[in-house]
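A short write-up of the structure that comes next.
Derivation of every value follows stated rules applied to the coordinates shown; laboratory data play no part. Everything quoted here is computed from the prediction, not taken from an experiment. Positions of Cβ are backbone-derived with ideal geometry, glycine not excepted, and every protein chain shown enters the neighbour counts.
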Amino acid sequence: MRIAIAAAILAVSASFASADFYVVRNMETGKCAIEQEMPSSAATQILLNNKFMNRADAEAALRAVPACN
């Protein structure tokens, strides 16, 4: 039982550690945001053809996009 609980905790923590971030723009509203999942909506466009491993890098890239400022 303890092994199963430890494995579940490890799996959850690993999924948070490997989060990807995307800089996206909603084409209907024109607002930019950082998404933690690959956008699937046709109204959402990925601005930078890149995924970021941490939120700080995505925020820095968002500030550098002229369409978002």
Selected residue (criterion: surrounded by the most Cβ atoms within 10 Å (Cβ to Cβ)) from residues of segment 50-69 that are of a type outside the set (A, V, I, L, M, F, W, C) and in contact with a helix residue (DSSP H, G or I) (Cβ under 9 Å, 6 or more places away or on another chain): 51
Matching residues, segment 19-69, being under 11 Å from the mean Cα position of the chain (by Cα), assigned to a helix (DSSP H, G or I) and among the charged types (D, E, K, R): 55, 57, 59
Scope segment 34-49; condition surrounded by 12 or more Cβ atoms within 10 Å (Cβ to Cβ), free of Cβ contacts under 8 Å to residues at least 24 places away in the same chain and out of contact with any Ser or Thr (no Cβ under 8 Å at 6 or more places or on another chain); matching residues: 39, 44, 45
